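Remarks on the structure that follows.
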2 protein chains.
Amino acid sequence: MKLAEAKQQFISSWGAFGTHWGINRTMAQIHALLLISPDPLSQDDIMEELSVSRGNANMNIRELVDWGLVDRVIIPGERKEFFVAEKDIWKVATQIVHERKKRELNPMLKLMDNLSEVEGDKKDKHIRQFTETIDGIKRFGHSADKMLDTLVKADENWFIGNLMKLFK
Amino acid sequence: MKLAEAKQQFISSWGAFGTHWGINRTMAQIHALLLISPDPLSQDDIMEELSVSRGNANMNIRELVDWGLVDRVIIPGERKEFFVAEKDIWKVATQIVHERKKRELNPMLKLMDNLSEVEGDKKDKHIRQFTETIDGIKRFGHSADKMLDTLVKADENWFIGNLMKLFK
DNA sequence: ATGGCATTTCAATAAGTTTTGAAAATTCAG
DNA sequence: CTGAATTTTCAAAACTTATTGAAATGCCAT
């Protein structure tokens with residue numbers, strides 16, 4: 001397969017993927033493009049390669065920077081800003097886990113803490129099932145939280161090494 | 001907090017959550033409703049509790065059954081079908097992991113295998129960065145795949161126990 | 001300070017997704 | 001069989017989210 005074709009396929013499927021993961025198509029495509037780019041790209045480069053508008057490119061680049069997946073870089077002698085993606089996939093993954101944990105898991109656990117304070121007759125089966133469900137989610141959520149924290153802090157080799165021992 | 005209020009909050013936030021996870025609002029709400037229901041519910045019960053249309057309820061219940069999160073049950077003497085959710089959150093989570101792995105991770109790895117066969121001068125930096133990125137994703141993906149397989153097969157206590165030892 | 005390039009914003013529009021509800025198909029008791 | 005109850009389908013409408021592009025703002029060398 002030729003590079004140009006492979007590149008197109010990679011970008012377009014990374015984009016399709018993104019949509020399953022709460023990341024929008026353009027954001028994922030920009031990320032894909034930067035991942036395979038040996039050099040930093042400017043906003044105009046990105047607009048041109050992906051045929052997207054200025055506003056769209058700007059907004060999604062900013063989002064990628066917010067997520068910590070892309071960095072702005074200054075190229076001496078150039079007026080424009082350039083962008084590079086973190087290339088180490090392990091770091092990309094832990095960064096994403098970190099952000100989603102912060103944005104989704106933590107608020108959810110907070111909500112569950114609230115909901116466990118439901119009042120009423122403990123013998124009523126509706127009350128009983130409600131509190132059991134909430135408690136189950138809380139317990140599970142706290143384990144997940146702890147595990148993900150460790151994962152985020154861990155070094156890739158340490159992690160994979162130990163995990164593989166554990167999982168034989 | 002009163003049960004009715006807590007229930008509303010739980011259903012509505014579980015729905016909002018779902019949307020971050022590629023699950024649509026109604027599907028997640030139906031799931032939430034069934035999770036806290038001590039008894040099986042019929043499609044009409046669900047339509048009424050959540051104020052959604054017949055078609056919408058039908059379609060999303062079917063999806064939940066496809067995902068293995070909800071079972072149809074027959075109640076003797078009743079003509080209608082009834083539905084119950086798997087209540088064990090660990091099982092819910094592993095079921096979701098299993099399905100998403102099948103639907104998303106596996107196809108992605110297959111694609112990466114394809115893309116690694118890009119032809120051209122290995123010294124060209126574009127080719128080099130492309131193959132390095134693809135290889136990185138492949139390696140990471142295969143580790144994740146193995147780990148998730150083990151997780152899906154594992155028993156909750158075994159898993160949490162070992163993990164906590166590892167992660168102290 | 002000014003002009004010119006770069007970046008950001010945002011209202012309008014387009015694209016995509018979910019929901020509705022009525023019609024069609026299916027099921028099953030009598 | 002028949003027909004009433006139940007489930008499924010699907011085109012149209014409602015709603016949500018993403019994208020555009022022009023205008024506003026920011027930035028910096030002169």
Handout entry: Lone unmet requirement of (1) exposed (fewer than 15 other Cβ atoms within 10 Å of the Cβ); (2) modelled with pLDDT of 95 or more for B:ASN60
Key = (1)
Fill in the blank from the handout: Checking A:LYS122, A:LYS138, A:LYS146 in turn, the sole residue that is farther than 18 Å from B:GLY141 by Cα, assigned to a loop (DSSP other than H, G, I, E, B) and either of a type outside the set (Asp, Glu) or not assigned by TED's automatic domain parsing to the domain that holds A:ARG100 (or both) turns out to be A:LYS122
Exercise for the section: For residues that are over 29 Å from A:HIS20 (Cα atoms) and within 15 Å of DNA strand D (Cβ to nearest atom), scanning just segment B:24-44, find the one that is surrounded by the fewest Cβ atoms within 10 Å (Cβ to Cβ). Expected result: B:ASP44
Exercise for the section: Taking B:GLY77 as the residue in question, decide whether it is within 10 Å of DNA strand C (Cβ to nearest atom), surrounded by fewer than 16 Cβ atoms within 10 Å (Cβ to Cβ) and either at pLDDT below 95 or under 17 Å from the mean Cα position of the chain (by Cα) (or both). Expected result: yes
Problem - Scope segment B:85-109; condition assigned to a helix (DSSP H, G or I) and either among the hydrophobic types (A, V, I, L, M, F, W, C) or at pLDDT 95 or above (or both); matching residues - result: B:ILE89, B:TRP90, B:VAL92, B:ALA93, B:ILE96, B:VAL97, B:LEU105, B:MET108, B:LEU109
Practice task
Considering only segment B:58-80, state which residues are within 25 Å of B:LYS101 (Cα to Cα), part of a strand (DSSP E or B) and more than 10 Å from DNA strand D (Cβ to nearest atom).
Solution key: B:VAL70, B:ASP71
Practice task
Kindly establish whether A:LEU105 is more than 9 Å from chain B (Cβ to nearest Cβ) and under 25 Å from B:LEU148 (Cβ atoms).
Solution key: yes
Practice task
For B:LYS7, indicate whether it is modelled with pLDDT of 95 or more, within 23 Å of A:PRO107 (Cβ to Cβ) and away from DNA strand D (no atom under 11 Å from the Cβ).
Solution key: yes
Exercise for the section: Scan segment A:80-103 residue by residue and report those that are of a type outside the set (Val, Ile, Thr), farther than 20 Å from A:TRP158 by Cα and buried (at least 16 other Cβ atoms within 10 Å of the Cβ). Expected result: A:PHE82, A:PHE83, A:ALA85, A:GLU86, A:ARG100, A:LYS101
Practice task
Considering only segment A:14-57, state which residues are closer than 21 Å to B:THR133 by Cα, in a loop (DSSP other than H, G, I, E, B), within 13 Å of DNA strand C (Cβ to nearest atom) and at pLDDT 95 or above.
Solution key: A:PRO40
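The values are calculated or read from the model by the stated rules, or taken from the named source; none is laboratory data. Owing to the predicted nature of the structure, the values given are computational and were not obtained by experimental measurement. As a convention, Cβ positions derive from the backbone with ideal geometry for all residues, glycine included, and neighbour counts pool all protein chains shown.
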